[in-house]
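Here is the structure we will look at.
Throughout, read-outs are computed from the coordinates displayed, never taken from laboratory work. The structure displayed is predicted, hence computed values, not measured ones. Every residue, glycine among them, receives a Cβ derived from its backbone with ideal geometry; neighbour counts consider all protein chains shown.
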Amino acid sequence: MSDVLLYNGRVLTQATPDVATAVAVRDGRIASVGASADLLRSVNGRAKRIDLGGRTVVPGFNDAHAHVWKIGHLLTSMLDLRRVTSIDAVVDAVRRFADRAPDAAWVLGRGYNEAAMRERRAPTRADLDRASPHVPVVLTRTCGHIIAVNSAALARAGIAAETAAPVGGVIERDERGEPTGLLHETAMGLISRVVPPPTAGDYQAMIVAALRHQLSLGITSSSDCGVSPPLLSVYRAADANGALPARVNVMPLRRVDGVPAPVPLPERYLSDMLRVDTIKFLADGGLSGATAALSVNYRHTPHKGVLRFDRDELEGLCRETHDAGWRLATHAIGDAAIDQMLGIYEGLGAHPRGLAHRIEHFGLPSAQQLARAAALRVIAAPQAIFIRSLGRNFRSYLPDALLPRAYPIRAMLDAGVRVALSSDAPVVEDDNPLAGMQAAITRRDDEGHAIAPEQAITVAEALRAYTVGGAVASGDEANRGTIEPGKWADLAVLSANPLTADPDALPDIHVDITIVAGDVVYER
Ligand SMILES: [Zn+2]
């Protein structure tokens, strides 16, 4: 950890004073923030000096809700289908991928979105059988809540016409009752339990690849929202070996699809690079795939989505987890799921460690639900970037009454709910925080349609939600989120000032340098 002085820039501290021109780093932490002339005079001679040349410094971004290992899976060994726009292209991609790895026991892919396909439908077993008649294929929908599999995969899992779906899951069937290859929510576990899991070495490669990718976007604090026990062991070992290049907030699961019994609580663990003090639950599915649990039917199909849990079971697990001193982070998108979660949180009483619980995504809260969340001090982790990347799904699938309150970030802030913006990557491909800020400000989707434009927030609010917001959501605002003496020197040097940029040009701002604990870990 070298001493560093960044000077001659515009330091957006997110604290008081809000702007400075220099920041000095000692022993991995911020030593002082102030005027370049003063800091240049006082810094010791061995310090590395970085002339910012007028560029902007912000606190390292915090992606409060992401799936690090899944980002890394796509970066290392998984077939990426996030840009595919037709069924034939899916079939081609699977065939080519299988040809390239003829010894692979399974073909795993991710990222299709039927709303982005010419045919406006998901691939089925028949399509995937064309691509791979013998090797099992599992394609995860972009949301991670639906999979499309071929006949070989159904056979390996023993799924046939007579197979019943587990609680909180759906096996789609054709008119003859045969599985179509599409499995929703907990029914995905019927497949995942027979897919060979990654090795510890595979997992570590995925984690490092993903964190390095995020560092190139200025993200110095990330999150892995939903990890299984073997992956948690890999994180612990990587932290012990100093192998984590960025800070990660890892959230173990207590319910893993395909595993019958709840996972016991692991050991709480906090180090400089790794936090394990939050348990993730999933109350419902996703909006873009119409599995989020609504109070009314979706527009395009006569159903209301999926509540994944029997309420009593979820309440019991939440109470045990809360009483043991953990923070809860529950995925709840539809208003029915949000209602279930707020009811459960309201029944828990005071937290033994004084922690505030989180609601992930928080996609369709009503005004009354926002007030209940604020009263509970709930922290929300929504994704403005969904508006841009998945807006066309929302416009097609959401009833008129619900579309105006899709990801209502303005209303969250106005209700007094603390907000941490995030990407949920790899659910969306573009996990650049500046693109997320742009979406929060413009509320426009990929096709230029505005979605609930009155829910726009300001660029200053968006920057705060991507820095301080994430620090609060991880419970570590004492060490990160602002540029103040004593906090970790986790910084991003930007090519331009986002506060004065044209909102449409925000994603064009480059991250020139990323610094973690005073070390330059990325340079463009
Ligand atoms: Zn997620």
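Observations
- For GLY226, the residues 5 or more places off, or on other chains, whose built amide H falls under 5 Å of its own are MET251.
- When shorter helices are ignored and each DSSP H run of at least 4 residues is given -39500 (n - 2.57), the per-residue value for the chain at 222 nm works out to -8500 deg cm²/dmol.
- Under-5 Å amide H pairs with VAL248, H placed in peptide plane, nonlocal only: SER222, LEU274, ARG275
- Sparse-neighbourhood loop sites, GluC sites (Glu not before Pro) in the range 111-219 - DSSP loop, at most 15 other Cβ within 10 angstrom: GLU119, GLU162, GLU175
- Simple Cβ-charge dipole of the range 145-291, Lys/Arg +1 and Asp/Glu -1, about Cα centre, in debye nearest 20: 380 debye
- Panel note: the C-alpha atoms of the chain, placed on their principal axes, show extents of 80, 52, 46 Å (largest first).
- Peptide packing: for 123-130, 305-312, 137-144, the average count of neighbouring Cβ atoms within 10 Å per residue gives the ranking 137-144, 123-130, 305-312, highest mean first.
- Applied to the range 311-318, the Karplus parametrisation 6.51 cos²θ - 1.76 cosθ + 1.60 on θ = phi - 60° returns per-residue 3J(HN,Hα) values of 4, 4, 5, 5, 4, x, 5, 5 Hz, with x for Gly and Pro.
- Packing, as the average of other Cβ atoms within 10 Å across residues, places the peptides 332-342, 57-67, 224-234 in the order 57-67, 332-342, 224-234, highest first.
- Rounded to the nearest 20 debye, dipole of the chain from Cβ charges on Lys, Arg, Asp, Glu: 400 debye
- Hydrodynamic radius of the range 87-217 by the Kirkwood approach over all distinct alpha-carbon pairs: 15.6 Å.
- Using alpha-carbon coordinates, inclination of helix 229-240 to the longest axis of the chain, degrees: 20 degrees
- Kirkwood Rh and Cα Rg combined as Rg over Rh, evaluated for the range 62-110: 1.06
- Relative contact order [Cα under 8 Å, 6+ residues apart], the chain, whole percent: 17 percent
- Considering only ASN479, ILE191, ILE344, and ranking their Cα positions along the charge dipole of the chain that arises from unit charges at the beta-carbon of Lys, Arg, Asp and Glu, the one farthest toward the positive end is ASN479.
- Start at zero, step by 5 Å, and the Cα-Cα distances of the range 463-524 spread as 4, 17, 21, 24, 21, 12, 2 percent across the bins.
- Taking the longest Cα principal axis of the chain as reference, the axis of helix 385-397 is set at about 30 degrees.
- Estimated dipole of the range 14-65 in Debye, rounded to 20 [Cβ of Lys and Arg +1, of Asp and Glu -1, Cα centre]: 300 debye
- Proximal lysines relative to LYS70, as straight alpha-carbon distance under 27 Å, when same-chain residues fewer than 8 apart are discounted: LYS280
- Prolate/oblate/rounded call for the range 267-334, Cα gyration tensor, a/c under 1.5 rounded: oblate
- When peptides 267-275, 251-259, 316-324 are sorted by average Cβ neighbour count within 10 Å, with the highest value leading, the order is 251-259, 316-324, 267-275.
- Look at the dipole of the chain built from charges on Cβ: of LEU434, PRO245, HIS357, the Cα furthest out on the positive end belongs to PRO245.
- Subtracting the Cα-Cα distance of ASP323 and ALA89 from 0.36 nm times their residue separation leaves 79.3 nm of extension gain.
- Calculated SAXS-style log₁₀ I(q)/I(0) at q = 0.12 Å⁻¹ - the range 23-106, Debye, Cα scatterers: -0.65
- Amide H to amide H, with H built 1.01 Å from N, ILE50 comes under 5 Å of LEU5, LEU6, TYR7, counting only residues 5 or more places away or on other chains.
- Evaluated at q = 0.20 Å⁻¹, the base-10 log of the normalised Debye intensity for the range 191-284, with identical point scatterers placed on the Cα atoms, takes the values -1.03.
- Pairwise label distance in nanometres, ARG212 with ARG120, each label 7 Å out on the Cα-Cβ vector: 4.3 nm
- Rounded tilt (10° steps) of 433-442 against the dominant C-alpha axis of the chain: 80 degrees
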